[in-house]
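Here, each number is a calculation from the coordinates, and none is a lab measurement. Model, not experiment: these values are computed from the prediction. Please note: Cβ atoms are built from the backbone with ideal geometry, for glycine as well, and neighbour counts cover all protein chains shown.
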Amino acid sequence: MIEPSSATIHRARTGVPALIAACGFAAVYLVTDFVTSAAATSAMPLPNSTAAAAQDWFAANRLAAALMGACQAVSVLFLAWFAAVAGGRRSRLWGLVAVGLMLLASVCAWVLAAVAPGASPGTVEVLRDANFIAGGTAHVVALGVFAFLTSREGEFGRPVRVLSTVALVVSVLSLSSLFVFEGAALILLGRLLCMVWAISAGVSLSRRRVPR
C-alpha cells in the first residue's frame, strides 16, 4: 500500500474549511446591500455623486454606514481564512492584501459615519474616494491576482484555472473605473467572478480524499 504524502493529506483536510470560508466570504458580502438598505433612510449616493451628497447621506445614515463596514469586514475575515487554508506562499500574500484593502474601506466607512455631520467637504471627499478605491478597484485587482496564483500553485482542474484567468482579466480591467465611471460595472463583475472561483476551488478541494 502506498502511503499518501503529507501534502496530499493537508489538501484533503483543508477542503471543507476552504469551502466554508469561501461560502462565508461570498454570502456575507452579498447580504451587505440588504443590511445597509434596511437600516438606511435613502439610497446610498453613487461614487460619482458630489461630496455634499455623500456627506448628507453618511450624516443621516450613521447606523447603516457602520453596518456596511461591519459586513464588509466580516466578509473578508472569511476570505483571510480561505487564503490561509487554500492559498500557497505567493498567493496567500495577495489574499491578505485583498483583506487589508477591504478592512481599510470599512474603517473609512466608520470614520465617515463618525465625522460626516461636522467634517469639511474636502475631508468627506478624501474618505469617500479612499473607501471606493480600497474596497472597490484595488481590492478586486488583488482578489483577481490571488485567485490566479492560487489556481496555479494548487492542483486544481482546468475549469478552476480558466475561471481564475477570466476573473483576473475582468478584475484588472476594472481599473478603468478610475478614469470612466461606467468601468465600475467591472468591479462588481470581477468581485462576483472571484467569489464564484473561490467556491469552485473550495468544492474542488473538499472532494479530495486521502488515498487508502
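For the stretch 55-66, what does the Karplus curve 6.51 cos²θ - 1.76 cosθ + 1.60, with θ = phi - 60°, yield as ³J(HN,Hα) per residue in whole Hz, taken in order and with x for Gly and Pro?
4, 4, 5, 5, 5, 8, 10, 5, 5, 4, 5, 5
Any chance you could list P(r) for the stretch 14-128, counting all Cα-Cα pairs in 5 angstrom bins from zero, rounded to whole %?
Histogramming the stretch 14-128 at 5 Å steps yields 2, 13, 19, 20, 16, 11, 9, 6, 3, 0 percent.
Hey, how many Å between the Cα centroid of the stretch 98-142 and the Cα centroid of the stretch 16-61?
The distance from the Cα centre of the stretch 98-142 to that of the stretch 16-61 comes to 12 Å.
Might you report the magnitude of the Cβ-based charge dipole of the stretch 62-170 about its Cα centre, with Lys and Arg at +1 and Asp and Glu at -1, to the nearest 20 debye?
On the way: 8 positive and 4 negative charges, 60 e Å.
Roughly 280 debye, rounded to the nearest 20.
Check residue 116: other-chain or 5+ apart residues with amide H under 5 Å from its amide H, H built from backbone geometry?
none
Run the simple label-point estimate for residue 16 and residue 63 please: 7 Å along Cα→C-beta, distance reported in nm.
Once both label points are built, they end up 3.9 nm from each other.
Select from 132, 107, 91 the residue farthest towards the positive end of the dipole of the chain; place +1 on Cβ of Lys and Arg, -1 on Cβ of Asp and Glu, and compute about the Cα centre.
91
Can I get the semi-axes of the chain's equivalent ellipsoid? Compute them from the C-alpha gyration tensor as square roots of 5 times the eigenvalues, in angstrom, largest first.
Working: eigenvalues 265, 57, 32 Å².
Computed over the chain, the values are 36, 17, 13 Å.
In nm, give the distance between the simple-model label positions of residue 115 and residue 152, each being 7 Å from the Cα along the Cα-to-Cβ direction.
About 4.0 nm separates the two model spin labels.
With contacts defined as alpha carbon pairs under 8 Å and 6 or more residues apart, what's the relative contact order of the stretch 8-201 in percent? Walk me through the intermediate numbers first.
Values: 291 pairs, mean separation 41.7, N = 194.
It rounds to 22 percent for the stretch 8-201.
Ignoring solvent entirely, what values of log10 I(q)/I(0) come out of the Debye formula for the stretch 84-185 at 0.12, 0.14, 0.18, 0.24 Å⁻¹ when each Cα is a single scatterer?
-0.48, -0.61, -0.85, -1.16
Quick one: what are the phi-derived ³J(HN,Hα) couplings along the stretch 168-177, Karplus 6.51/-1.76/1.60 with θ = phi - 60°, whole Hz, x for glycine and proline?
5, 4, 5, 4, 5, 5, 5, 4, 4, 5
When the chain is fully extended, how far beyond the present Cα-Cα distance does residue 185 get from residue 203, taking 0.36 nm per residue of separation? Numbers along the way, then the final one.
Details: separation 18, 0.36 × 18 = 6.48 nm, distance 2.73 nm.
Gain on stretching residue 185 to residue 203: 3.7 nm.
From the phi angles alone, apply the Karplus equation (6.51, -1.76, 1.60; θ = phi - 60°) to the stretch 97-110 and give each ³J(HN,Hα) in whole Hz, x where the residue is Gly or Pro.
4, 4, 4, x, 5, 5, 4, 4, 4, 5, 4, 4, 5, 5
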